[in-house]
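The values are calculated or read from the model by the stated rules, or taken from the named source; none is laboratory data. Keep in mind the model is a prediction, meaning the values are calculated, not measured. FYI the Cβ positions are ideal-geometry reconstructions off the backbone, even for glycines, and counts take in every protein chain you see.
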Amino acid sequence: MFDSLFGKDIYWYGVQAISLIETGELHSPDRSPVFHIVALVFRFLGTNDQSLFVFQLLTVIWLLTCLYLARYLLKSSNESWNPLPSVMVFVLGFLYPKQAWAVGFLLLTYGIYFSDRFTRKYGKWLIVGIFFLCTTWFHTMVGVLGLGLWCIYKIPRKYDLILFLILVIFPYLLPTNDNDRFVVDGKTFPIYAAYEIMGIGILWDWIVLIFGKNVPDRYLSIRLNLGLIGMFLVLPLFHFADIQFRILISFLLVTEIFSQFNSKQVLITAVSFGLWFFVLIQTPNLFRYPYETMWIPGEKAASVSSNGLLVAHHGFCEYYHFQFRKDCMSWEPDDKAISELPRGTQVYRLVYGIRMENLRASKENGNPIFSLIEPMGEYQLVLENDWQHYRHWLEKRNSKLISIAKSWKNPYRKRPGFIQRKQKYGI
């Protein structure tokens, strides 16, 4: 089971933790202490896949604990405590652990802030402040989301329409850069992108976020705020649909701490779990990469002495770096990456999704395009310069293979500026 880990970023946590253990520093700078938790698990259980799975389980337990504790703090004497978990606990816990730890602190922050169990005002604010600082420390984005939700909550409800219009218009007034985080991307419709990322389950939860109001009356105002944010997330705002998706699932879990326990909530939760389980069975590739097929090509690529940097799809790079301690990049190499190559080495690429026969048959003016093709299971190892030539050749011929050559399977985009600034090779 441990060669079938869920999560498309999980091996990145291992890469960061290994760097902490071996050098005392992270492979790529990051203020979040979550990688220290992974490193601690490694020190006790060893540096292996099983330890990563244990870390994921710890993350799920942490989120469940925070969810139930926040619900307990918010429950009054005449309200039923909701014992039902949320599917978002498992989605966040297994797929986005760093974000999950921060969301856990955010749940406690709101649980204490809205709770009637604390009679000392200043003591309450002190605890709220500590948990909010922990939220921001573990994941800055989650801290910003939590603060933003609180600000929206404090605005009188009669200004909701004005607030929504401001939220709609404001992003389009900001200067944007296609090479950075914040950009209005009209090519990607976020809800459709969320469906492509995680299937029909996320659509159900998004609908419940906007239209659901199964909360006690005293929490109706903040529940409406969450619904307003859900409507706002329909707009294309970020360079990566994945960022907007992560914002959505954070708010979905925050919503869960205010839910009432009744037959309606049981139905909502049952349908949510049912749809997510259906997607998991039908299309497990949405939740994980086929890591079990990556060992042989990874081992062969790592044994090439002149391989200074490997280019491969996201997921393989993290697995490759974790298992073989070699540098890999899931972006098209930029000047910064090429300048950091060890002397006497070259950039190689693992082509995925295109058969070796197609690569060998590619010729220009009677000459083969590829000077090297090494078959490695479902992957083909080639030189990056040859691959760039081949991709332009496909574009000139308007080949059907260009859709594969320019996809997540074969990275073709340069690193955004915010990733290049904080990563060496930017796995």
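The table for this structure:
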{"read-out": "From ILE61, ILE152, ILE127, residue being over 26 Å from PHE232 (Cβ atoms), under 26 Å from the mean Cα position of the chain (by Cα) and of a type in the set (Val, Ile, Thr)", "value": "ILE61"}
{"read-out": "Boolean, PHE240 is surrounded by 14 or more Cβ atoms within 10 Å (Cβ to Cβ), modelled with pLDDT under 75 and farther than 26 Å from LYS75 by Cβ", "value": "yes"}
{"read-out": "Single residue of region 79-106 satisfying the filter (in contact with a Phe, Trp or Tyr (Cβ under 8 Å, 6 or more places away or on another chain) and among the aliphatic types (A, V, I, L, M)) that is surrounded by the fewest Cβ atoms within 10 Å (Cβ to Cβ)", "value": "LEU84"}
{"read-out": "Options LEU173, LEU161: the member that is more than 28 Å from ARG413 (Cβ to Cβ), out of contact with any Phe, Trp or Tyr (no Cβ under 7 Å at 6 or more places or on another chain) and at pLDDT below 80", "value": "LEU161"}
{"read-out": "Region 283-326: number of residues that are more than 18 Å from LEU5 (Cβ to Cβ) and under 21 Å from the mean Cα position of the chain (by Cα)", "value": "1"}
{"read-out": "Every pair of residues 6+ apart whose Cβ atoms lie under 9 Å, when the first sits in region 368-384 and is within 16 Å of ILE404 (Cβ to Cβ) and modelled with pLDDT under 90 while the second is part of a strand (DSSP E or B) and hydroxyl-bearing (Ser, Thr, Tyr)", "value": "GLU378/TYR352"}
{"read-out": "Test for TRP276: is it at pLDDT 90 or above and over 30 Å from ARG343 (Cβ atoms)", "value": "yes"}
{"read-out": "Conditions (1) over 28 Å from LEU108 (Cβ atoms); (2) buried (at least 16 other Cβ atoms within 10 Å of the Cβ); (3) touching a residue at least 24 places away in the same chain (Cβ under 8 Å); number of the one not met by LEU280", "value": "(3)"}
{"read-out": "Residue match in region 32-42 (condition: in a loop (DSSP other than H, G, I, E, B), buried (at least 17 other Cβ atoms within 10 Å of the Cβ), in contact (Cβ under 8 Å) with a residue 24 or more places away in the chain and under 16 Å from the mean Cα position of the chain (by Cα))", "value": "yes"}
{"read-out": "First in region 108-134 and farther than 19 Å from SER32 by Cα and in the same structural domain as ILE222 (by TED's automatic domain parsing), second anywhere and among the basic types (Lys, Arg) and at pLDDT below 95, Cβ under 6 Å, 6 or more apart", "value": "PHE118/LYS124"}
{"read-out": "Helices (runs of 4 or more DSSP H) wholly inside region 232-344 that include at least 2 residues being touching a Pro at 6+ places or on another chain (Cβ under 7 Å)", "value": "241-256"}
{"read-out": "Residue satisfying all of: in region 49-95; charged (D, E, K, R) and farther than 22 Å from VAL15 by Cα; modelled with the highest pLDDT among these", "value": "ARG71"}
{"read-out": "Region 334-354, subset basic (Lys, Arg) and at pLDDT below 90, residue farthest from LYS300 (Cα to Cα)", "value": "LYS336"}
{"read-out": "Selection count where residues are assigned to a loop (DSSP other than H, G, I, E, B), out of contact with any Phe, Trp or Tyr (no Cβ under 8 Å at 6 or more places or on another chain) and not hydroxyl-bearing (Ser, Thr, Tyr), scope region 8-31", "value": "5"}
{"read-out": "Condition met for ALA405 (at pLDDT below 90, buried (at least 17 other Cβ atoms within 10 Å of the Cβ) and within 26 Å of TYR289 (Cα to Cα))", "value": "no"}
{"read-out": "Neighbours by Cβ (under 7 Å, 6+ apart or cross-chain): first from region 187-201, at pLDDT below 80; second polar (S, T, N, Q)", "value": "PRO190/GLN244"}
{"read-out": "Residue count, region 345-364 (criterion: part of a loop (DSSP other than H, G, I, E, B) and either crowded, with 16+ Cβ neighbours inside 10 Å or among the polar types (S, T, N, Q) (or both))", "value": "4"}
{"read-out": "Single residue of VAL15, VAL60 found to be β-branched (Val, Ile, Thr), crowded, with 21+ Cβ neighbours inside 10 Å, in contact (Cβ under 8 Å) with a residue 24 or more places away in the chain and not assigned by TED's automatic domain parsing to the domain that holds HIS321", "value": "VAL15"}
{"read-out": "Residue in region 75-88 that is over 30 Å from PHE273 (Cα atoms) and part of a helix (DSSP H, G or I) present", "value": "no"}
